[in-house]
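First up is the structure itself, then whatever we jot down about it.
Read-outs throughout are calculated quantities, based only on the coordinates presented, and are distinct from any laboratory measurement. Everything numeric here is computed off the predicted structure, so don't read it as measured data. Ideal geometry is used to build each Cβ from the backbone, glycine not excepted, and the neighbour counts take in all protein chains shown.
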């Protein structure tokens, strides 16, 4: 049994089809993430339960979707393409989670940042923090806003390395499994000693 063709071995029309389908899935995923972010209220909530629930639900959904991305990579015909999709979507989910927190903080305290944050500006701010660009146009002012921003910065340092390593590791494992299976190895995940 021959291993499945790599991207380099595909005829040009099929390669274009794979890439276009990947682009469509990624764009649809980004639209869903932005839609979910738009559900975060831009008005202050007197109780603490609603913002806390949004954060907890956001973290749980992120964990679930990240696990699904790993499974998708492991079963993908072209794991490298799936890794790129997963990196884009997991980064966007990560940023949307912090953007939602920033929107709620800005709604609860108009002076938390140098300007009121809507969904777009909060996502922009979360991205500038992740990229360590920090243009200075939006800055956290209150202690709470600075604390959340510091938490994001701390997680950002690890986030990029862990996501890239985890997702590419899943792709490498998938490709090794497929090659071993094609070569007739019964259990390709067991190393020969």
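Strictly greater than 19 Å: what percent of every Cα pair in the chain meets that? Intermediate values should be presented prior to the final figure.
Working: 12082 of 18528 pairs.
Percentage above 19 Å: 65.
For 75, 119, what's the fewest-to-most ordering of other Cβ within 10 Å of each Cβ? Intermediate values should be presented prior to the final figure.
Details: 75 12, 119 18.
With the sparsest Cβ surroundings first, the list reads 75, 119.
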Quick one: grab the alpha carbon gyration tensor of the range 99-193, order the square roots of its eigenvalues as a ≥ b ≥ c, and give me rounded if a/c is under 1.5, else prolate or oblate depending on whether a/b is larger than b/c.
prolate
Roughly how tilted is helix 12-38, in degrees to the nearest 10 and between 0 and 90, from the longest Cα axis of the chain?
30 degrees
Among 36, 183, 145, the residue with the largest mean-square fluctuation in a Gaussian network model of the chain built from Cα contacts under 10 Å is 183
Between 13, 140, 51, which gets the highest mean-square fluctuation from a Gaussian network model of the chain, Cα cutoff 10 Å?
13
Over all directions, what mean area does the Cα convex hull of the range 19-68 project, stated in square nanometres?
4.0 nm²
Sorted peptide list for 79-85, 98-104, criterion being average Cβ within 10 angstrom, highest first
98-104, 79-85
